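Chemist: If you scroll down you'll find the structure; I have some questions about it.
The values are calculated or read from the model by the stated rules, or taken from the named source; none is laboratory data. Worth saying up front: this structure is predicted, and the values here are computed from it rather than measured. FYI the Cβ positions are ideal-geometry reconstructions off the backbone, even for glycines, and counts take in every protein chain you see. With ligands, DNA and RNA removed, areas are computed over all heavy atoms of the protein, side chains included. Shrake-Rupley method; radii C 1.70, N 1.55, O 1.52, S 1.80 Å.
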Amino acid sequence: MNIHSHKIQGFLGVIGDPVQHSLSPLIHNYWLQRAEIRAYYNAFHVPATHLKMLINSFKYMNCIGFNVTIPHKQTVIPLLDRVDPIALAVGAVNTVVNRDGRLHGYNTDVEGFIIPLRPYMDIIMSGTAFIIGAGGAARAVMYALKRAGISNIAVMNRDEQRAVQLVCDADVQAATYPFTSRLPDVEKISLLVNTTSLGMVGQPALDLDLTGLSPTAIVYDLIYNPWVSGLLHQADIQGCRTINGLPMLVYQAQLAFQHWFSSTPEVSEHLFSILQGDLLCGL
């Protein structure tokens, strides 16, 4: 990394509620140490009632920038001085840069989500990209698929009206369904994405039957703890290619680091092994 590290001092972090589970400090402190940057990345537990006060204080502190996670990705937007068009289109900010007391918001989830899928675009284009959920993560996934030119999309959510609103906001033609354990037109699905927290450690299981899903389909679960979710275990049995949420987490972090330091840190197998080891040690 070509960084004049001796000139950079300050702190970074991730704000959320909850936030103690975040792997972002491990990722960014690994890169900061390798780049010999005199900065440290922390996790900040920020209840919604304290969000405005903390954001305003960051402007005047030695804060280089910060990440934003649940539940603040949307509510942080009015507190920023400038928001990138992609983040505005998605309706969520996950990366903020402090430029001389002015906070600039970006969304790196969009590109972070799509990077692991790039080798499989021909497969995805051959069928339906099926999204489970209609929250903030689903918005980033929908926008990423739209930007990638994938037009055959479906959304399933417990509250179907939220799925309809997601499709409307994204300005795409997509089928919407209320949640059911049997996937509609399952044999046509080429990409299945779980954007909900169902199946995460401490959360209820995702009650989904993958019977009939083509073994050529890709199943992408945005959660990474447990390492192999119930959904991915089912997909493995079906013979599908599976991706958990860790690659998206790392690639969105890489893009955030670029915004802060105008330099690209290395995404290495060594980093992934450290993160996997940390997750498995927590079991």
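Chemist: Which of the strands (runs of 3 or more DSSP E) contained wholly in region 1-99 include at least 3 residues that are surrounded by fewer than 19 Cβ atoms within 10 Å (Cβ to Cβ) and touching a helix residue (DSSP H, G or I) at 6+ places or on another chain (Cβ under 8 Å)? Reasoning before the result, please.
Modeler: On the way: elements: 9-16, 38-45, 63-68, 95-99.
Where strands (runs of 3 or more DSSP E) fall fully within region 1-99 and carry at least 3 residues being surrounded by fewer than 19 Cβ atoms within 10 Å (Cβ to Cβ) and touching a helix residue (DSSP H, G or I) at 6+ places or on another chain (Cβ under 8 Å), they are 38-45.
Chemist: Looking only at region 118-135, decide whether some residue is under 19 Å from the mean Cα position of the chain (by Cα), touching a residue at least 12 places away in the same chain (Cβ under 8 Å), at positive phi and surrounded by 18 or more Cβ atoms within 10 Å (Cβ to Cβ).
Modeler: yes
Chemist: May I ask you to list pairs of residues, at least six apart or on different chains, whose Cβ atoms are under 6 Å apart, with the first in region 92-115 being under 26 Å from Y224 (Cβ atoms) and the second being open to solvent by 10 Å² or more (accessible area, probe 1.4 Å) and hydroxyl-bearing (S, T, Y)?
Modeler: Note: pairs meeting the criteria are T95/Y106; V110/Y143; G112/Y251; I115/Y251.
Chemist: Here are the criteria: (1) of a type in the set (A, V, I, L, M, F, W, C); (2) open to solvent by 30 Å² or more (accessible area, probe 1.4 Å); (3) in contact with a Phe, Trp or Tyr (Cβ under 8 Å, 6 or more places away or on another chain). Tell me which single one V110 does not satisfy.
Modeler: In the conditions (1) of a type in the set (A, V, I, L, M, F, W, C); (2) open to solvent by 30 Å² or more (accessible area, probe 1.4 Å); (3) in contact with a Phe, Trp or Tyr (Cβ under 8 Å, 6 or more places away or on another chain), V110 misses (2) alone.
Chemist: If a residue has to be closer than 27 Å to C281 by Cβ, out of contact with any helix residue (DSSP H, G or I) (no Cβ under 6 Å at 6 or more places or on another chain) and either crowded, with 16+ Cβ neighbours inside 10 Å or at pLDDT 95 or above (or both) to count, how many in region 200-221 make the cut?
Modeler: Step one: of region 200-221, the residues closer than 27 Å to C281 by Cβ are 200-206, 219-221.
Adding the requirement that they be out of contact with any helix residue (DSSP H, G or I) (no Cβ under 6 Å at 6 or more places or on another chain) leaves 200-204, 220.
Add one more test, that the residue is either crowded, with 16+ Cβ neighbours inside 10 Å or at pLDDT 95 or above (or both), and what stays is 200, 220.
Final tally of qualifying residues: 2.
Chemist: With the requirement that a residue be β-branched (V, I, T), without any contact (Cβ under 8 Å) to a residue 40 or more places away in the chain and closer than 29 Å to I86 by Cα, what does region 226-283 give you?
Modeler: T242, V267
Chemist: Quick check, is Q258 modelled with pLDDT of 95 or more, surrounded by 21 or more Cβ atoms within 10 Å (Cβ to Cβ), part of a helix (DSSP H, G or I) and of a type in the set (S, T, N, Q)? Step through it out loud before you land on a result.
Modeler: Numbers: modelled with pLDDT of 95 or more: yes; surrounded by 21 or more Cβ atoms within 10 Å (Cβ to Cβ): no; part of a helix (DSSP H, G or I): yes; of a type in the set (S, T, N, Q): yes.
For Q258, the condition - modelled with pLDDT of 95 or more, surrounded by 21 or more Cβ atoms within 10 Å (Cβ to Cβ), part of a helix (DSSP H, G or I) and of a type in the set (S, T, N, Q) - is not met.
Chemist: Next question, about the same structure. Would you be able to tell me the number of residues in region 74-118 that are among the basic types (K, R) and closer than 20 Å to F11 by Cα?
Modeler: 2
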